[in-house]
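Structure first, then comments.
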């Protein structure tokens, strides 16, 4: 006889062999008669039996007790044994019994009984085998009366073969291997013993002295759990010394490793309490021994003390023959499940009420499949098996559970079988049912446009769900029906869990943090994690924990994503505090209609001591350089930036095109840092709408669906339907409410409410000759007084009798040719089946309207409510944007319209000054610098439409204390409601903060004063030490006289025109005052940029440098400017930067930064705008005849200093006393002697010449 536990063999003391002899050859031989074994082990009781010839044995079994009627009860039918006993039948007369996982309650006398086919042919072997089950115990006895030593004895039944004992002290194996074992007691120490090769059957740890020693006691020596379920492994523990750390680990690891940090257990292992380890979503690879360890200042609990052995098993249905026509089904596992489970059986996917045992007898049926589960774990089922054959009713899911990211797409798949003589009539996926009725997901409004069924073969199905939401977390099941049967709705399917990503920040070493990318479930397919720092891609890792601890920096934020799903990143979190660099987008994705307008928004944060110097939106970048959308020609006149708060930004794109579908990102730069360009933003998808008609083939009725290529972002859109151009109905569903008749003459179209002009093309229900109208363009924007062609194509099922165009805003449709408002200005052209054109000439602003086309046949008229083409008529307008209007500063003129011109795709602009054309660039903006004493009128036009110029705008700078803009035509004011532009606007050229003491209150009044009275009651903005005081909007502000802060002010809408900072008392303040705000210099020259500065006397200056917003570092250390930048301190608190060999790349805004003690940094905002320009020569005209006038202009992109003097050269020689006007050389009249090569320069910079231009003079007279 052998005793086995965990694969080992343990010898025990065997009593004598018992041979039970009966009469005439009946006998049972037991080997041995008595057995003593350990609790938790496995035992085998061997026996053999004989009987007289002529008998046939029909039944054999072991038993320990009789039923109420005195009949022996087979152990295999006893609930306490049936999952733990097996009978060996290796040969005919073998009757060996095996019992696993022995319990103390198994101690009993076991007898073998066999029954034959003849009356009275029964025999029971007596007295049987006596089994004693006991545990090990540590017995502690004093060594002697006078000695402090103690003797430890590992007590159990008497074992044979000189067994080796193992002793554990504080959970660690000690070298002594005998029993008894002598120890010198310590109050902290505990001891335990085991027999070698059976370490899992050790004794509980006992204290040798007192009861507060170090010890760990596991609740279970072994646990058997189902694959996919969760398990709690627990223990109790105590320590003599204070505990510092605790953790659980696997014993098969080379070194103990905290399971919560093990990548294999990421998101699955957690300690609900220090003494309880919970592992979720169990896998077969989790089968192992788990141990608990604690550490104190003095020592720790040992690694070698046996823990809890976990065995993970799946369920299988085993089919074995029973009586004729029947089979026995067994729900089997590879280990004995804990807690005597109740079993559940399913037939063809439908739960059966009975039975609840692990075995079940069924009839043979080729159609039927069976599966089993354990109560409370119904989602973990055995694969369904056929009772007979291999093509019964069955559904097998690819995954029992799936964890997917919110916003992603998931595929849930299954395979199914059925008898070959069955025909499938219906397939569907569902997640809800009531009273046996399932709800097809494809018809569920919650999944509208997000669900699709796919199949590769006739025996598989895949449910695809897009744009996953957290509420999609549920169980999804597949169901099919045949003409003979249907698959049940209670059979477990695939459980989907939808999770977002979060960055968890936990303390590491001092001054450092550990980052973990966490989810609420374990993501499928071992994802690769991506990390971002301040919006910039950092690293990739297969571990959800970032590779190294990060510094505790108040500025830094971190975010994580999963590779392949970068757009589904976690929110960025601060390592320390709550005001780090961060951008949070309102939406990760947006789906919008082609032609509509979309708002893409975000919120951003930064440390309070940072100043934002630039914000922009972009969708393209190269080598880290982003391209501002507002400067992208593809988005010209379609992009606006809006800012509701000082920490929010919205990108508005109008007239959306399919080419606009891409990812849009926001970026901001402070004077200390910049948000990265690789952080995912908002993905925009632009879609049109289409009417889908199903089925495609001929049928009496059709189903109409209004489909888009993505799910529209506006919540619960309302769909509008049109039949033959007439408004039919509205619905919350994209599917038209009822099937429609398959008429060859009918067409249908759909639109989304509020976007009726963006409707789908009309489609025929049957054939291609139905009644329909298709407009060439939905929107047209043209210039006032020009001509426009509005066109459409149309088809009538019957012969057309009449057609006309009309305005949609008329109460009844009226033919435009009879409308007095269009008399002499309207013309129709075109024939049936070719485009029909409406031409309107001499356009007026009141012509702005929606125009529709209708036609009639003998028995039909195209509906009047079908949206047509919207015409917008606009004037050109010059909008003036003043900069800092000091002499030499820039003014921007913009030639704008109220809509984007559609008939002139790439317009060329013409600018006029005082009625004369300016030969500058052909862009919609014109820049010029302010000079004293001028009053000029400006207007613009488009090349090819020269006569349709804008009204003139007068810009008056005759007094440099005020800058006045007057619009000649007052109609322009009403045409620019978005900017609230008055007809006359006055801008101050200077702002100052005046400080007035108030001796009574001890305060000082600060007044934001201007050089002239501002119009329109402006809102003021105040700054303290460069930081905006958002709550102050009045012109005056009171402060205490004792304050040491500096203050400046600005006017809302003109924040770039901020006043110099002043201090409340003396110069004890923070301030930077630049000598010049704008400087224009020639390429190749040298420039000096200067400032003066002050700071409170309690701060000591420790350094200073100059920087630009693109390169917020000391310019002397920047490679492109190295060796060309020099700093000079002329006097105390005065600083000058010199840049030599200037290039166009040096054009930027330069700022000075002061660094003092206490790590205070102060920068003057705004800085100095440096523009580096070439010098160019323009000739008008390029070729002239003798006697005509020619003007040569010496041009720069900006004004060089105040009233520069220009020098002219002909053929390399300086001209003396030429006729000049500011920057122009005038030859009037020109002669052949004037022909030659001309160039120009600025006085004082003669070495920097413009490129030469050749003047050619034609001779048109005899003899010249």
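No lab work stands behind these numbers, since they all come straight from the coordinates. Model, not experiment: these values are computed from the prediction. Backbone-built Cβ (ideal geometry, glycine too); neighbour counts: all protein chains shown.
Evaluated at q = 0.22 Å⁻¹, the base-10 log of the normalised Debye intensity for region 500-579, with identical point scatterers placed on the Cα atoms, takes the values -0.99.
Please identify which residues in region 97-120 have an amide N closer than 19 Å to a label point set 7 Å out from the Cα of residue 134, following the Cα→Cβ vector. Backbone N within reach: 102-110.
Compute log10 of I(q)/I(0) for region 395-499 with the Debye formula, placing one identical point scatterer on every Cα and leaving out solvent, at q = 0.17, 0.24 Å⁻¹, to two decimals. Here log10 of I(q) over I(0) equals -0.77, -1.46.
Taking a ≥ b ≥ c as the square roots of the eigenvalues of the alpha-carbon gyration tensor, region 328-421 is classed oblate because a/c is 1.5 or more while a/b is no larger than b/c. The fewest-to-most ranking of 358, 876 by surrounding Cβ atoms within 10 Å reads 358, 876. Computed per residue of the chain from DSSP H runs no shorter than four, each worth -39500 (n - 2.57), the mean residue ellipticity at 222 nm is 0 deg cm²/dmol.
May I ask you to work out the translational diffusion coefficient for region 506-657 at 4 °C, viscosity 1.567 mPa s, via Stokes-Einstein with Rh from the Kirkwood sum over Cα pairs, reported in whole µm²/s? For these conditions, the coefficient is 74 µm²/s.
For region 682-754, the normalised intensity computed at q = 0.13, 0.25 Å⁻¹ comes to -0.40, -1.22 (log10 of I(q)/I(0), Debye sum over alpha carbons, equal scatterers, no solvent). Would you work out if the chain is rounded, prolate or oblate? Take a ≥ b ≥ c from the square roots of the eigenvalues of the alpha-carbon gyration tensor; rounded if a/c is under 1.5, else prolate when a/b is larger than b/c, oblate otherwise. Taking the square roots of the gyration eigenvalues as a ≥ b ≥ c, the chain is oblate. Between residue 729 and residue 528, the modelled labels are 5.1 nm apart [label points 7 Å from Cα along Cα→Cβ]. Kirkwood analysis of region 576-654, using all unique Cα-Cα pairs, places the hydrodynamic radius at 14.3 Å.
Eigen-decomposition of the gyration tensor built on the alpha-carbon atoms of region 128-248 gives equivalent ellipsoid semi-axes of 27, 24, 12 angstrom, largest listed first.
Counted residue by residue at 0.36 nm each, then reduced by the alpha carbon distance between them, the extension gain from residue 146 to residue 330 reaches 59.8 nm. Length gained on full extension, residue 285 to residue 701, computed as 0.36 nm times the residue gap minus the Cα-Cα distance: 144.1 nm. Global size of region 774-865: 13.2, 40 Å for Rg and Dmax (C-alpha atoms, Rg to one decimal, Dmax whole). Hydrodynamic analysis of region 428-585 uses the Kirkwood radius over alpha carbon pairs. Inserted into Stokes-Einstein at 4 °C and 1.567 mPa s, it gives a translational diffusion coefficient of 70 µm²/s.
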